[in-house]
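**Student:** Can you read through this structure? Questions will come right after.
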Amino acid sequence: MSEPRIQTSSVAPEVLRRTREIVEPALRAAVAGLADERMRLIASYQMGWQDADGQPTDSGGKAIRPGLAVLSAQACGAAPGVGVPGAVAVELVHNFSLLHDDVMDRDVERRHRPTGWVVFGEAQVILAGNAMLTEAVRVLERDGAAGRRALPLLLDSTQLLISGQSQDLDLEGRWDVTLEDVLCMEAGKTAALLACSSAIGARAAGAPEAMVAGLSAYGQELGIAFQLVDDILGVVGDPATTGKSSSSDVRAGKRSAPIVAALRSGTPAGDRLAAMFADGPPDTDSDVQTATELVREAGGLDWAMTEADARLARAMTGLERLGLPNASAVADLVAVGRFIVGRDR
């Protein structure tokens, strides 16, 4: 894979630890407020706070979305706490979507342990996802005027997220998929919620609409870059690091960006890959390894990394032009963006 043009980091920036410490108590309180004990257990398992028996664990995610929500409030001159309800809401929506997506995609491992449906069953995790989604709305409703300002943004973004997942399912197994189709799907499935995360704190703070829109555009470009890196890791990510099976997207025959770029490359390697996929995803480790190398040889990985770099550059340029009042928070947004494209998990 060619080196990205923009200096990046695979080490999570310190700001994500700080914002996580600000948000997590409120997030835990929201999950604890779910009415049903089983729903609380499944949600806590999904968040990485408990094992299947309810014993405490610490296998949580990167908390990128809550961090962006807090930073978006700060960048516009508000206190960090103004962004906390929005941060809680977007993280609940994110994990609702993961619970449901893992069922639909038949993913059996996330964060180095079995996915929710494998442990608790499909029906129960669907209900738990629904409970987390409705709790996200309640969190903002309880936040008074700030929450009422933020709620339409969350609801609109959730609709886009659902539409993106629907498009993703529709693309599976199709042979007419273009890179434009893939990027359109990713703009909904992943980028919509990152755009929401990057703007919801500013909206709650009552920032000028131009600032809210600019932060949303930053998050949209960042979200596509994020998903493109996820797509790369789905082909060549180290399972010991990603917490998912090796070449997971190749095994599933997903129409992710690197795979579609390879299939559409017009190269001999791309043609060989298409011939391999003609009868379905590869079903042996040897075939998976061969298909993975063909994606690389056909230029699929290089295309995805180049596009991720371009999206990150657009995000940074737009952010710089906004003239936000809190320079320190803007620097933190830059650090989070570079981490997203440089991460290895």
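**Student:** Can you tell me which residue is surrounded by the fewest Cβ atoms within 10 Å (Cβ to Cβ) among those in the stretch 68-88 that are small (G, A, S) and closer than 17 Å to A30 by Cβ?
**Tutor:** Among them, the one singled out is G81.
**Student:** A43: in contact (Cβ under 8 Å) with a residue 60 or more places away in the chain and either out of contact with any Phe, Trp or Tyr (no Cβ under 8 Å at 6 or more places or on another chain) or more than 26 Å from P152 (Cβ to Cβ) (or both), yes or no?
**Tutor:** It is true that A43 is in contact (Cβ under 8 Å) with a residue 60 or more places away in the chain and either out of contact with any Phe, Trp or Tyr (no Cβ under 8 Å at 6 or more places or on another chain) or more than 26 Å from P152 (Cβ to Cβ) (or both).
**Student:** Of all residues in the stretch 175-212, count the ones that are surrounded by fewer than 21 Cβ atoms within 10 Å (Cβ to Cβ) and within 20 Å of the chain's Cα centre (by Cα).
**Tutor:** 6
**Student:** Which one of these does A275 not meet: (1) under 30 Å from G86 (Cα atoms); (2) in a helix (DSSP H, G or I)?
**Tutor:** Among (1) under 30 Å from G86 (Cα atoms); (2) in a helix (DSSP H, G or I), the lone unmet condition for A275 is (1).
**Student:** Report yes if some residue within the stretch 309-331 is surrounded by fewer than 23 Cβ atoms within 10 Å (Cβ to Cβ), touching a Leu at 6+ places or on another chain (Cβ under 7 Å) and of a type in the set (V, I, T); otherwise report no.
**Tutor:** yes
**Student:** For the stretch 265-280: of the residues being surrounded by 17 or more Cβ atoms within 10 Å (Cβ to Cβ) and out of contact with any helix residue (DSSP H, G or I) (no Cβ under 6 Å at 6 or more places or on another chain), which is farthest from I232 (Cα to Cα)?
**Tutor:** Filtering first and then ranking leaves F277.
**Student:** Quick check on the stretch 55-96: of everything there that is in a helix (DSSP H, G or I) and out of contact with any helix residue (DSSP H, G or I) (no Cβ under 6 Å at 6 or more places or on another chain), which residue is farthest from L324 (Cα to Cα)?
**Tutor:** If we take residues in the stretch 55-96 being in a helix (DSSP H, G or I) and out of contact with any helix residue (DSSP H, G or I) (no Cβ under 6 Å at 6 or more places or on another chain), then I64 is farthest from L324 (Cα to Cα).
**Student:** Taking L294 and the conditions (1) at pLDDT 95 or above; (2) within 25 Å of the chain's Cα centre (by Cα); (3) buried (at least 23 other Cβ atoms within 10 Å of the Cβ), which numbered condition does it fall short on, given that it satisfies the others?
**Tutor:** Of everything listed in (1) at pLDDT 95 or above; (2) within 25 Å of the chain's Cα centre (by Cα); (3) buried (at least 23 other Cβ atoms within 10 Å of the Cβ), L294 misses just condition (2).
**Student:** With the structure loaded, tell me whether D176 is acidic (D, E), outside any helix (DSSP H, G or I) and either over 25 Å from E141 (Cα atoms) or modelled with pLDDT of 95 or more (or both) or whether it fails that test. Let's see the steps before the verdict.
**Tutor:** Details: acidic (D, E): yes; outside any helix (DSSP H, G or I): yes; either over 25 Å from E141 (Cα atoms) or modelled with pLDDT of 95 or more (or both): yes.
So D176 fits the description; yes.
**Student:** Continuing with the same structure: So which of R65, R5 is closer than 25 Å to G342 by Cα, charged (D, E, K, R) and at pLDDT 95 or above?
**Tutor:** Of R65, R5, the one residue that is closer than 25 Å to G342 by Cα, charged (D, E, K, R) and at pLDDT 95 or above is R65.
The values are calculated or read from the model by the stated rules, or taken from the named source; none is laboratory data. Small disclaimer: the values here were computed from a predicted structure and weren't measured. Note that each Cβ is placed from the backbone with ideal geometry, even for glycine, and that neighbours are counted across all protein chains shown.
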